[in-house]
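Working notes, beginning with the structure itself.
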Amino acid sequence: RVMFTIRDELGRAVGFSGRVLKTDDKSVGKYVNTPETPVFRKSKILFGLDKAKREILDAHRALLVEGQIDCIRCHLGGFKNTVASQGTAFTGEHAALLKRYADHIVIVLDADAAGQKAALRTAELLIAEGLAVSLAALPPGEDPDSLILKKGPAAFAAVLENVKTPMGFLLGLLQEKEDFRSQEGLLRATRAAQRLR
């Protein structure tokens, strides 16, 4: 495993995370974190925030990615306002923490169905906290790490220029699944859209 030091927003080491290097071994989790302690609570820690907070404050905007390696690659590529949730689902506590530094959060999501679902759930939490939210969809099969490695920071910057609002993103997904010309399809799409406040 490669080991990462997990730091709180003040830069204090509060735990560690180990990522498996051999991805073909399915018997163990991809990431193993320090167990929860009074100082290490995954629901309250965003990886990279101690390094990103000055850039986030200056830009009033944060990029939210999925994993530690994606976050590190973004920083190396010049996107220094990037943070990642700590091996757990994004929480309301994460949203409240980001609100202290940013007005606008760009969620960088994987193109698969699980990534899309997680991004919409994250968007709801951020909107509930009163933040502006955009969603940036990566090309199929890519994450920020692989995209920046293969095609350079300019390719990732292009993804960030092509953001959508959460509602615009959801309607695009619904159009792929539902026939808006039928009453039933329109009704299902309307119900889904209403769930996203």
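The values are calculated or read from the model by the stated rules, or taken from the named source; none is laboratory data. Predicted, not measured: the structure shown is a model, and the values here were computed from it. For neighbour counting, all protein chains shown are included, and Cβ atoms are generated from backbone atoms with ideal geometry for every residue, glycine included. Heads up: the accessible areas ignore ligands, DNA and RNA and are worked out on the full protein's heavy atoms, side chains in. Shrake-Rupley method; radii C 1.70, N 1.55, O 1.52, S 1.80 Å.
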Notebook entry, point to check: Taking the range 75-97, which residues are buried (at least 19 other Cβ atoms within 10 Å of the Cβ) and either under 12 Å from the mean Cα position of the chain (by Cα) or at positive phi (or both)?
Noted result: T82, V83, A84, S85, Q86, G87, F90, H94, A95
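Could you look through the range 3-18, keep only residues that are of a type in the set (D, E, K, R) and surrounded by 12 or more Cβ atoms within 10 Å (Cβ to Cβ), and pick out the one that is nearest to A102 (Cα to Cα)?
The initial filter retains those residues of the range 3-18 that are of a type in the set (D, E, K, R), namely 7-9, 12.
Retained after the next criterion (residues that are surrounded by 12 or more Cβ atoms within 10 Å (Cβ to Cβ)): 7-9.
On the way: R7: 19, D8: 17, E9: 14 Å.
The qualifying residue nearest to A102 (Cα to Cα) is E9.
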Next item on the list: Identify, by number, the condition in (1) of a type outside the set (D, E); (2) at pLDDT 95 or above; (3) in a helix (DSSP H, G or I); (4) open to solvent by 20 Å² or more (accessible area, probe 1.4 Å) that Y101 doesn't meet.
Entry: (3)
Next item on the list: Filter the range 104-121 for residues that are among the aliphatic types (A, V, I, L, M), crowded, with 17+ Cβ neighbours inside 10 Å and part of a helix (DSSP H, G or I) and give the result.
Entry: A118, A119, L120
Next item on the list: Mind listing whichever residues of the range 132-181 are crowded, with 17+ Cβ neighbours inside 10 Å, farther than 22 Å from G67 by Cα and either at pLDDT 90 or above or not hydrophobic (A, V, I, L, M, F, W, C) (or both)?
Entry: E178
Item checked: Counted residues, the range 140-158 - those being assigned to a helix (DSSP H, G or I) and within 15 Å of the chain's Cα centre (by Cα) -> 3
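Condition first: of a type outside the set (G, A, S) and open to solvent by less than 50 Å² (accessible area, probe 1.4 Å). Now tell me which residues in the range 54-68 satisfy that.
If the condition is that a residue be of a type outside the set (G, A, S) and open to solvent by less than 50 Å² (accessible area, probe 1.4 Å), then I56, L63, L64, V65, Q68 are the ones that fit.
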